[in-house]
Every structure is written in structure tokens, then in C-alpha cells.
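Visitor: Here's a structure for you.
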Amino acid sequence: MKIKHLIAAGMLLAAAPVLAKDHKVDLTFDAGNTGPVIDKDIYGQFAEHLGRGIYEGVWVGEDSDIPNTRGFRNDVLNALRDIEVPLVRWPGGCFADEYHWREGIGPRDERPVKVNTHWGGVEEPNTFGTHEFFEFVELLGADAYVNGNLGSGSVQEMAEWLEYMTGEKGSTLAQERRKNGREEPFEIAYFGIGNEAWGCGGNMRPEYYSDLYRQYATFLKAPEGNMPKLVASGGHSEDTTWTDVLSKNIEQKIDGISYHYYTLPNSDWDNKGRAINFSETDWFNTMDRTYKIDDYIEANLKVLEKNDPEGDIKFYVDEWGTWYDPEPERDPGFLYQQNTLRDAVVAAVNFNIFHKYAERVTMTNIAQMVNVLQAMILTDKEKMVLTPTYHTYGMYKVFQDATSIPFKLKTPDYKNGDKRVPAVTASVARGTDGKLYLALVNMDPKNGADIDLDIDGVKAKRAEGQILTAEAMDARNTFDAPATLEPKAFSADLDELRIPAKSVVVVELK
Ligand code: AHR
């Protein structure tokens, strides 16, 4: 295979000198080996009461001119169904620690109007509440991740919310849910006890938060078979202290510790970098920043391996994605940003890292689903556009619940000055359909990569699937040109497998 491959590359070299700088990448695996299952919840999404994330993005109300199903816009529902969203986290984020669930139940026109003090100071009509959230996830066929209010709520408020949602018997709270239109209990996959307790969730220290967690978790009760996984709110970025303190101090039920990491091209909250019209250095810095999550996850998992060698406590990256400067004409409190090929590559790089740690990293939520940060979907009133990140989710859906296959990857670096990241990252897995899948991402925006595959355990000759790439680094879809960047068919003989610069490729090996 190798000789044939080199001959093929040599022939191409003579014909097209531009390939002279192609990276030479070696990928080796035995298809008979198996690693951990890649939990489908790694492909979870986050929908917060922020900007036009919920209102307009998801919920337009039954009387809207925008086609909708009981108030949920049909175009968004259909698009999200197509990428098989497994899990949705709601209502925040920082909003979660200001949210009082009672204000979002009962007749919509009687619900109190509040001010969303965290995000833009806009009116929060509470028309999207507990029942609407569950209806939304049920329409999507997704599971629910509800985030409780620890920062400004009480133990009683949180415990009663859980009872309201899950109560089976004739308790007053379960009856109230029935009166509000829902006979059967809601099913909750995950329940978060606060959010970013180190910051907007209360500016706490981990010792204090872990004591509060112990107290709150004691009173969170649900009928057998419907107790959600409990999520302790952990640290962020390079920090490992929160993971350490929480995993040592919490003796109550704890299924996982959350962790947040945002990719800011300039690593500076006052000058994050632009979403479009950026330079190659900005592209490099974005790749460099996003790739750091590999080290940060590894460092946190080392702590967990020490404090929880049995592996009972999972590591949930329940907020991640790119965060750019707001566009000048937009409300800065709405966190609306464009999404380009760069974001698609960032998403794929992160997926490949999450797959690597699939033993403990069993759930993540990209921030956020619609109109906020690294969104899947952007809307403008009745218009909707699917972003490059959306397409990466679509291409990678074959990895949901797939069984990972360990592999060795030898790749040159993509360099900028004295900084470097690997040019290529990958994933290999056996899908739930029994097929063998390979994902490749090339972070280098100028040079392609020749992939020399050395596979045991299966006779595969062809790679067939999809590719996402473009000429411009900031290629994007707009309301006027919504199909500028979409996945295209990709096929190659395995002994001539080459991926272009700045590309995401997902193929079946057959
Ligand atoms: O996703 C936006 C915000 O980022 C969330 O509300 C908060 O948890 C994080 O700081």
C-alpha cells in the first residue's frame, strides 16, 4: 500500500506542484480492537435564555406567522432533527442561577415578566418554561438536561421543581403539573446543581460550593427509575482545583463534574477576535486555543483518576465552543456571532478530542444551539440558515454511541512562529450500524495531507463519505446565500487518500 501510495503522490507532485507541501500522515489501527463507547450525549447542545437563543430561535408562539408546531418553529425543529440532537441543556448558563421555575408554569399570559439582568437587560416573558422545554425536547426526540438554581434559589425551590417534574403519585405538586397539562412525569436525563459557581453562579470557593452541593443533593428526590444524573458545577479552562475539591469533598450522589472551556482566538475577554474577515494568524490562534482543551481535559482526568479510581464520576464539558467579539451592529449582550469554516474545523477538532477521552467524557454541550455563540442555526425573523458547525454535527452523527477503535497517528505540525498544533487529528470507530468510520480534520489552512493508512483486522479499499471545505478560511452561509458551505460527497481509494487544507472529512471505510 505504501509504495503504491508514494508513487501516486509522486505522480501528482509532478502534475501539480501545489501538493509539494502536503503533510505526510501515518494512521495505524486494528479494526478488531475496541475502546470505549462514544456516548451520544457528547453531541449535546445548550439552549439558554440569552439573546434570540430561545425566543425567535426556537419559540415564536402559536400565533406567529412563522410556520410552527404549537409555538416551536418548524424549520428549526426539522433542521435539529436531521442532525439527531441527543440532549439539550436548559435554561442556562448564568441564567439558570436567576431562574425561578414557578414563573414559567401555568397560563402563559399570567406568567410574570422579568428582566434578564444577565443577558442584555431585556424583558423575559417566561412564555418558554418547564412544559415548553420538555415539549421541545420531545419534539426533537432528545433527552433533557435541566440546570437548577443554586445561586439565588433555595434547597426547597430546587427540590420542589424536581418533584413537580417527576412526581408520579397524587402529591399537590404532581397534581399541579397535571393541571398544567402534563399527566405523565417528565423524564430528565441530567440535573445540574447550579452553574459556574465560581463566577455568575455565586462567586463561591470550591469548598463552599461542595458543602452546598452535599446539602442540595440530599433533598433532590425522584421516583425510582426517573432520578436524573446529578451534575456538580465544576471549573473551567486550565483549572483543576474545582475537579479536585469536588471529587474529594462530595460524598452524596454525584454522576459527573461539569467543566467549561471557550475558544477565544486572542485569549483576551476584552479583545476576543473577529468571527469573520480574520487573518491566518487568527486562524492559527483559534486552532491553538481550541486544541488546548486536550491538555486541560487530560489534567482534570488525572485528578479524577486519583480521587475516583473506580471511574464513577464522569467529566461533563457542558459548555464549549468559540466566543468572538460581538458584531458592531448587534446588542453585545446577545452574543450573536457568524460562523465560518473555522468553526466547523474547531467543532471537529473538539469531537476528536472528546472521543479520545470517551471513557470519562460522556456528555458535552456546545454553546449554543441557535443564534448564540457557536450556533448550529442562525435566524432572522422568518429566515433561517444552517452554519458550518451544524454541518460538522451532521457529518459526525455516525459517531453517536459508536465504539471507538484505538489508533496511532503520526502527523507533522501546523506551525506559526514558535507555536505549533498537530496538522491532522482523527477518530476511528465502529458505528451502531456495524460500519467502520474514520474522521479526519486538517487544521492547516494552506497544506493538504496525504494519509498513509495501515489497517489490520478488516479488508477495506475505499473511503466514502463527506467533506466540508472551502477556498476562504471564513467561508460561511448567510441569509442571502445559505448554501455556500455544505458537505460534499468524498470518495477515494485508501492507497491514495488525501485531504485538502482546512477540511473536515468523515468517511466509511469499505
Ligand atoms: O454560554 C454563555 C455563558 O457562558 C453561560 O451563560 C455561562 O455559563 C458561561 O459563562
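Visitor: With point charges of +1 on the Cβ of Lys and Arg and -1 on the Cβ of Asp and Glu, referenced to the Cα centre of the chain, which listed residue (SER154, TRP198, ILE353) lies farthest in the positive direction of the dipole?
Guide: ILE353
Visitor: Read phi for every residue in the range 310-323 and hand back ³J(HN,Hα) as whole Hz from Karplus 6.51 cos²θ - 1.76 cosθ + 1.60, θ = phi - 60°, with x for Gly and Pro.
Guide: 6, x, 6, 8, 7, 10, 9, 8, 8, 8, 7, x, 7, 9
Visitor: Counting other Cβ atoms within 10 Å of each Cβ, which GluC sites (Glu not before Pro) in the range 154-185 have at most 14 and sit in a DSSP loop? Could you put the intermediate results ahead of the total?
Guide: Values: sites: GLU157, GLU160, GLU163, GLU168, GLU176, GLU183; in loops: GLU168, GLU183.
Listed in order of number, the matching sites are GLU168, GLU183.
Visitor: Continuing with this model, one more query. What are the radius of gyration and Dmax of the range 361-510, computed over its Cα atoms and given in Å?
Guide: In Å, with Rg to one decimal and Dmax whole: 16.6, 52.
Visitor: How would ARG342, ARG70, ARG89, ARG52 line up from fewest to most surrounding beta-carbon atoms within 10 angstrom? Mind showing how you got there, number by number?
Guide: Values: ARG342 29, ARG70 11, ARG89 32, ARG52 22.
Listed from fewest to most nearby Cβ atoms, that is ARG70, ARG52, ARG342, ARG89.
Visitor: Determine the equivalent ellipsoid of the range 277-426 by diagonalising the alpha-carbon gyration tensor, then write out the semi-axes as square roots of 5 times the eigenvalues, largest first, rounded to whole Å. Each step should come with its number before you reach the end.
Guide: On the way: eigenvalues 157, 79, 48 Å².
Rounded to whole Å, the semi-axes are 28, 20, 16.
Visitor: In the structure shown, do any of LYS272/LYS408; LYS169/LYS253; LYS24/LYS435; LYS314/LYS410 have a Cα-Cα gap over 32 Å, and if so which?
Guide: On the way: LYS272/LYS408 34 Å; LYS169/LYS253 24 Å; LYS24/LYS435 26 Å; LYS314/LYS410 29 Å.
From the list (LYS272/LYS408; LYS169/LYS253; LYS24/LYS435; LYS314/LYS410), the Cα-Cα distance tops 32 Å for LYS272/LYS408.
Visitor: So if I take the centroid of the Cα atoms in the range 414-453 and the same for the range 334-404, what is the distance between those two points in Å?
Guide: 17 Å
Visitor: Still on this structure, I have one more. With θ set to phi - 60°, apply the Karplus curve 6.51 cos²θ - 1.76 cosθ + 1.60 along the range 352-363 and write out the HN-Hα couplings as whole Hz, x wherever there is a Gly or Pro.
Guide: 4, 6, 4, 4, 4, 9, 4, 4, 9, 8, 10, 8
Visitor: For the chain, how big is the tail of P(r) above 40 Å, as a whole percent of Cα pairs?
Guide: Numbers: 28161 of 129795 pairs.
That tail contains 22 percent of the Cα-Cα pairs.
Visitor: If you restrict to DSSP beta bridges whose two residues both lie in the range 279-395, what percentage is antiparallel, to the nearest 5?
Guide: Numbers: 4 of 8 bridges.
Percent antiparallel among DSSP bridges in the range 279-395 is about 50.
Visitor: Please report the antiparallel percentage of the DSSP beta bridges confined to the chain, to the nearest 5.
Guide: Numbers: 49 of 89 bridges.
Percent antiparallel among DSSP bridges in the chain is about 55.
Visitor: If amide H atoms are built 1.01 Å from N in the plane of the peptide, which residues on other chains or at least 5 residues away come under 5 Å of the amide H of GLU124?
Guide: When sequence neighbours closer than 5 places are left aside, the close amide H contacts are LYS114, VAL115, ASN116.
Visitor: Report the gain in length on full extension from VAL113 to THR69: 0.36 nm times residue separation, minus Cα-Cα distance, nm rounded to one decimal. If you can, show how the numbers build up before the last one.
Guide: Values: separation 44, 0.36 × 44 = 15.84 nm, distance 2.37 nm.
Answer, rounded to one decimal: 13.5 nm.
Visitor: If you don't mind, there's one more thing I want to ask. Nearest 500 deg cm²/dmol is fine: what mean residue ellipticity at 222 nm does the chain get from its DSSP H runs of n ≥ 4 alone, each adding -39,500 (n - 2.57), divided by its residue count?
Guide: Details: 10 runs with 130 residues, N = 510.
Computed ellipticity for the chain at 222 nm equals -8000 deg cm²/dmol.
Visitor: Counting other C-beta atoms within 10 Å, and keeping those with at most 10, which DSSP coil GluC sites (Glu not before Pro) do you find in the range 211-282? Mind showing how you got there, number by number?
Guide: Working: sites: GLU224, GLU238, GLU251, GLU280; in loops: GLU224, GLU238, GLU251.
Qualifying residues, ordered by number: GLU224, GLU251.
Visitor: Over all pairs of distinct alpha carbons, what does the Kirkwood formula give as the hydrodynamic radius of the range 107-229, in Å?
Guide: Working: mean 1/r = 0.0633 Å⁻¹.
For the range 107-229, the Kirkwood estimate is 15.8 Å.
Read the figures in this text as sums done on the coordinates, not as results from a lab. These numbers come from a predicted model, not from an experiment. Positions of Cβ are generated from backbone atoms using ideal geometry, with glycine treated the same way; all protein chains shown enter the neighbour counts.
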